[in-house]
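All of the numbers you see were taken from the coordinates with simple rules; none came from a lab. Because the structure is predicted, anything quoted here is derived from the model rather than measured. As a convention, Cβ positions derive from the backbone with ideal geometry for all residues, glycine included, and neighbour counts pool all protein chains shown.
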Amino acid sequence: MKIKDEKQIEAKKKQILDIAETIITEEGIENLSVRKIAARLNQTPGILYHYFKDKEAVLAAIVERGYQEILAVIRETAKDTDPAVRLRNGLAGYLRLMIQKRDIFLLLMQSKDTAIQERVNILSPGTGDKKESIGSLCATLREGVESGCFRDVKIELRAQVIWSGAYGLISRIVTEQPSGEQTEHLIGEYLDMVLDSLASA
């Protein structure tokens with residue numbers, strides 16, 4: 001396949017995913033369909049099957065795109081040399097991204113798709129060695145402990161609890177939709193709580 005053709009295919013896939021995300025935002029995940037996507041593209045549904053096998057494949061691609069955005073936030077904050085600053089900025093970036101993309105967060109939480117669940121499940125032992133998202137959090141905690149910035153903790157368990165706490169906060173904010181100011185207060189309080197729990201004596 002020519003490079004030009006590959007770029008055209010990727011551009012079309014992006015357009016399809018953008019439209020699918022818009023439909024999810026406007027009408028809810030349950031109302032997404034290949035037919036609705038095709039209608040907004042002014043094309044027949046059959047055209048979409050050249051790019052995605054079915055609606056589930058579209059949803060999986062949306063989740064993957066969201067996951068890559070999360071990793072991008074984490075990688076950007078990895079440039080911070082201070083473990084405490086890196087932890088705070090990484091969690092803050094993740095929280096704000098997921099709150100901004102509330103429908104993608106709901107898709108992540110509600111989906112029964114095995115591939116999607118594989119992306120979001122983080123509580124099994126050894127997860128820190130298998131997934132970049134929580135693995136990065138484990139690495140930051142480990143560095144903080146080794147440098148004396150954080151007190152000694154069970155690295156993976158603490159990372160799993162911190163990540164789960166973030167999920168819980170996002171879930172409540174997405175459900176209750178407090179004001180922007182209150183949202184920032186809640187994020188700040190959560191970050192303070194996490195860092196206070198790690199502070200060395």
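Work out, step by step, the length gained on full extension between V85 and E184: first 0.36 nm times the residue separation, then minus their alpha carbon distance; give nm to one decimal.
Extending this stretch completely gives an extra 33.9 nm.
In percent, what relative contact order does the chain have, based on Cα pairs under 8 Å that are 6 or more apart in sequence? Present the calculation step by step, with values, prior to reporting the outcome.
Details: 149 pairs, mean separation 34.6, N = 201.
Reported relative contact order: 17 percent.
Using 19 Å as the Cα-Cα cut-off, could you pick out the over-long pairs in K14/K36; K7/K79; K14/K101; K79/K130; K101/K130? Kindly include the intermediate steps, with their values, before the conclusion.
On the way: K14/K36 16 Å; K7/K79 31 Å; K14/K101 17 Å; K79/K130 21 Å; K101/K130 25 Å.
Among K14/K36; K7/K79; K14/K101; K79/K130; K101/K130, the Cα-Cα distance tops 19 Å for K7/K79; K79/K130; K101/K130.
Under 5 Å between amide H atoms, partner at least 5 residues away or on a different chain: which partners does F150 have, H built in plane at 1.01 Å?
Amide H to amide H, under 5 Å and 5 or more residues apart or across chains, F150 pairs with V145.
Going by how many other Cβ atoms sit within 10 Å of their own, how do L123, L91, L107 line up, fewest first? Could the numbers behind the result be given before it?
Values: L123 12, L91 25, L107 21.
The order, fewest Cβ neighbours first, is L123, L107, L91.
With a 10 Å Cβ neighbour count serving as the proxy for reagent exposure, in which order, fewest first, do K13, K53 appear? Walk me through the numbers on the way to the answer.
Details: K13 16, K53 10.
Fewest-to-most Cβ neighbours within 10 Å comes out as K53, K13.
When the helices in the chain are scored as -39500 (n - 2.57) per DSSP H run of 4 or longer and the sum is shared across all residues, what 222 nm value do you end up with, to the nearest 500 deg cm²/dmol? If you can, show how the numbers build up before the last one.
Details: 11 runs with 155 residues, N = 201.
Theoretical 222 nm ellipticity from helices: -25000 deg cm²/dmol.
Mind checking which aspartates and glutamates have their C-alpha under 17 Å from K12, skipping anything on the same chain fewer than 8 residues away?
Output for K12: E21, D54, E64.
Tilt of helix 155-176 relative to the longest C-alpha principal axis of the chain, in degrees (0 to 90, nearest 10)?
50
Which residue, A115, Q43, L195, has the largest displacement toward the positive end of the dipole of the chain when charges sit on each Cβ (Lys, Arg +1; Asp, Glu -1)?
Q43
Most exposed first by the Cβ proxy, i.e. fewest other Cβ within 10 Å, how do E156, E184 rank?
Working: E156 22, E184 14.
The fewest-first ordering by Cβ neighbours comes to E184, E156.
Restricting attention to the alpha-carbon atoms of the chain, what are Rg (one decimal) and Dmax (integer), both in Å?
Every Cα atom of the chain included, Rg and Dmax give 19.2, 65 Å.
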